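As structure tokens, the structure follows; a few thoughts come after it.
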There are 2 protein chains.
Amino acid sequence: MIPPDDRGLTLGDGLFETVLAQAGQLVDWQAHLHRMAAGCEVLGLPAAEPQEAERLAREALAAAGLDQARAAVRLTLTAGSGGRGLDRPDPVRSRMFAIAAPAPAPLGPARLITAKVRRNADSPASRLKALAYLDNVLARQEARAAGADEAVMVNTRGELACAAAANLFWIRDGRIETPDLACGVLAGVMRARVLAAAAALGEPVAKVRATEAALEAAQAVFLTNSLIGLRPVAAWNGRSFGPSALVDRLAALVAA
Amino acid sequence: MIPPDDRGLTLGDGLFETVLAQAGQLVDWQAHLHRMAAGCEVLGLPAAEPQEAERLAREALAAAGLDQARAAVRLTLTAGSGGRGLDRPDPVRSRMFAIAAPAPAPLGPARLITAKVRRNADSPASRLKALAYLDNVLARQEARAAGADEAVMVNTRGELACAAAANLFWIRDGRIETPDLACGVLAGVMRARVLAAAAALGEPVAKVRATEAALEAAQAVFLTNSLIGLRPVAAWNGRSFGPSALVDRLAALVAA
């Protein structure tokens, strides 16, 4: 249980990672820890102690009876208990905890809409897996209200950024493209796997600043995150996309 | 204590109010409750039950031994425990709790800098007192690092919005101005008091969309929130402001 003055709870002051576990193996664990450490540096928080993070993750799996299952481990690091107001206490004593749940069942191709809520291109938090995730919750809510599965988030400069809970890729004129991190994009662990797999196929991914015109011109679109792997997109704002052999090859290469 | 799967903690999915209490009197309590209810409507959350909110606030004051003191009560409402992922459970069972702390001591005139982190003009959350407050924490951090007390936040369209934990006003050519709510501004309870007091003085406040040029041309600048009341600004980005008789009159009128 978490005290009510925890700054993660009161202010969104902290970070998280969502990690796939398979029969007790924490997939891409080092990459997740590395990203959390980089996020702590941006926020000015003491980094997670790696052994402690792994102990918490394993305890959460065991406590949920999921240490032999396909599971999602969420590791959360907050700025700890903080007294009153925006200023952090000195020194900050960060708090870390983990919870585990069954991994989501494999999903069919996604139907997307573009959300009205936009990603803040002028905040470092938009490139982090920060606890202040309300814009993403609202974007997903818009998608559900429209009968879609997921939302495309455009940033405040009008550039494509990501989905509410996934990175975004598309294929245009035979070239794979994804938004540059500068567009307010999380450096997804599965995004990195796709970049490596595409390079290995001789089809390097271009990191671009693009508007929605890129999706209008796309032959295929797909989403990635650590839990879903690579998920093809069936439709975006009512426009349909067919199957793609290249997307299928990438999906097979990045599957955990 | 709060369970680790609370959506306020995991996603910033919730709202808060910070209320001044004086010898057990909750100042502007109805205005705070009304604002929280309006925020719940925007976020699609069940509204707080008013009697329960008041009970929690009074219990927090008593538990802290502050029911006869000048105190800050923070009332928090979250989307409750939510399972995994962005989608809320159906139905949502919101969670509410309150904590109390001594009110901050009166502060001298503030020294401001403009933060690099900007307020998201394209998210409804920027007009709410939402738990996803990390941008404000980062803005305050920038101010402290620069030796200042508070940060001016410009929105992603380049318009003046607010301070990290206060509303912003200035006097330019003898006219009192404040950013329009459409600039990504919280409808502050003390902001409303100032609007009413200024109108009563025959000096109505203009709600404007303005860039930092407005502060460059200002004769006086001040901040407001429920705990500090009205706080004059001594300096912004190194530019100094002298005392203002009109600001002093407003401060006396809005003091609780």
Boolean, residue B:132 is part of a loop (DSSP other than H, G, I, E, B), outside the structural domain of residue B:34 (by TED's automatic domain parsing) and among the hydrophobic types (A, V, I, L, M, F, W, C)
yes
Of A:45, A:33, the only residue that is surrounded by 18 or more Cβ atoms within 10 Å (Cβ to Cβ), away from chain B (no Cβ under 14 Å), closer than 23 Å to residue A:13 by Cα and not small (Gly, Ala, Ser) is A:33
Restricted to the stretch A:135-176 and to residues being more than 7 Å from chain B (Cβ to nearest Cβ) and in a helix (DSSP H, G or I), the residue farthest from the chain's Cα centre (by Cα) is A:145
Problem - Flag for residue A:77 being part of a helix (DSSP H, G or I) and either under 23 Å from the mean Cα position of the chain (by Cα) or within 9 Å of chain B (Cβ to nearest Cβ) (or both) - result: no
All conditions in (1) under 22 Å from residue B:144 (Cβ atoms); (2) more than 8 Å from every other protein chain (Cβ to nearest Cβ); (3) touching a residue at least 40 places away in the same chain (Cβ under 8 Å) are true of residue A:12 except (2)
Sole miss for residue A:107 among (1) under 21 Å from residue A:218 (Cα atoms); (2) in contact (Cβ under 8 Å) with a residue 40 or more places away in the chain; (3) outside any strand (DSSP E or B) is condition (1)
Inside the stretch B:130-160, the number of residues satisfying the requirement of being more than 24 Å from residue B:242 (Cα to Cα), among the charged types (D, E, K, R) and surrounded by fewer than 20 Cβ atoms within 10 Å (Cβ to Cβ) is 2
Taking the stretch A:89-111 and keeping residues of a type in the set (Gly, Ala, Ser), surrounded by 12 or more Cβ atoms within 10 Å (Cβ to Cβ) and within 13 Å of chain B (Cβ to nearest Cβ) leaves A:98, A:100, A:101, A:103
Regarding the stretch B:58-74, can at least one residue be identified that is within 9 Å of chain A (Cβ to nearest Cβ) and touching a residue at least 60 places away in the same chain (Cβ under 8 Å)? yes
Going through (1) in a loop (DSSP other than H, G, I, E, B); (2) out of contact with any Lys or Arg (no Cβ under 8 Å at 6 or more places or on another chain) one by one, residue B:54 fails only at (1)
Log entry, pairs with first residue in the stretch A:115-134 being within 7 Å of another protein chain (Cβ to nearest Cβ), second being among the hydroxyl-bearing types (Ser, Thr, Tyr) and assigned to a helix (DSSP H, G or I), beta carbons closer than 6 Å, six or more apart or on different chains, reads A:120/A:126
Counting only residues that are of a type outside the set (Val, Ile, Thr), in contact (Cβ under 8 Å) with a residue 60 or more places away in the chain, farther than 18 Å from residue A:139 by Cβ and crowded, with 20+ Cβ neighbours inside 10 Å, the stretch A:171-199 contains a total of 2
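The values are calculated or read from the model by the stated rules, or taken from the named source; none is laboratory data. Only a predicted model underlies this, so the values are computations on that prediction, with no experimental measurement involved. Using ideal geometry, Cβ is built from the backbone for each residue, glycine included, and neighbour counts are taken over all protein chains shown.
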